Amino acid sequence: MAKKDIHPKYYPKAKIKCACGSELTVGSTQKLTEVEICSNCHPLYTGKQKFIDTAGRLERYKKMVAKSSVLKKNIKDKTKKKKTK
C-alpha cells in the first residue's frame, strides 16, 4: 500500500537569488531561495577576498579585536610597573 501525497511539490525551474544579483535556475522543492553568497561571488571561485557583513558582525568583530588589544596592553603595562617596584 503506497501512501499518497507524502512528497513535496517539485519545481523544475526554481530560482536561486544571490545577494550579488545573480540568479540560477535549478530543480528544487522551493520556488525561490535567497542566498548570501554564490559561486559568482565566493572568494574561492573568484580569487578575490570579500567581506560579507550581515547585521554589522564585521564592525562588532573589529571592536572586539580593538578592545582586546587595549586590554592586553594594559595588562603588560601593569606587569612592567610591578616588576620595576
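Where a number appears in this text, it was derived from the coordinates with a stated rule and is not lab data. Please read all numbers here as calculations on a predicted model, not as lab measurements. FYI the Cβ positions are ideal-geometry reconstructions off the backbone, even for glycines, and counts take in every protein chain you see.
Evaluate E = 1/(1 + (r/R0)^6) for residue 25 and residue 4, where r is the Cβ-Cβ distance and R0 equals 41 Å; express this FRET efficiency to the nearest 0.05.
Numbers: r = 29 Å, r/R0 = 0.71.
With a Förster radius of 41 Å, E is 0.90.
Can you find, among 29, 44, 69, the residue sitting farthest towards the positive end of the charge dipole of the chain, where Lys and Arg contribute +1 and Asp and Glu -1 at Cβ?
69
Suppose every K and R has +1 on its Cβ and every D and E has -1 on its Cβ; what is the size of the dipole of region 9-52 about the Cα centre, in Debye to the nearest 20? Could you put the intermediate results ahead of the total?
Working: 7 positive and 3 negative charges, 27 e Å.
Here the size comes out at about 120 debye.
What do you get for the angle between helix 57-84 and the principal long axis of the chain? Use alpha-carbon atoms, 0 to 90 degrees, nearest ten.
20
Please report, in whole Å³, the volume per residue of the convex hull around the C-alpha atoms of the chain.
Dividing the Cα hull volume of the chain by its residues yields 207 Å³.
To the nearest 20 debye, what charge dipole does the chain have about its Cα centre, counting +1 at the Cβ of each Lys and Arg and -1 at the Cβ of each Asp and Glu? Kindly include the intermediate steps, with their values, before the conclusion.
On the way: 23 positive and 7 negative charges, 255 e Å.
The dipole of the chain has a size of about 1220 debye.
Say the dipole of the chain comes from +1 at the beta carbon of Lys and Arg and -1 at that of Asp and Glu; which of 7, 58, 19 then lies farthest toward its positive end?
Looking along the dipole axis, the top candidate is 58.
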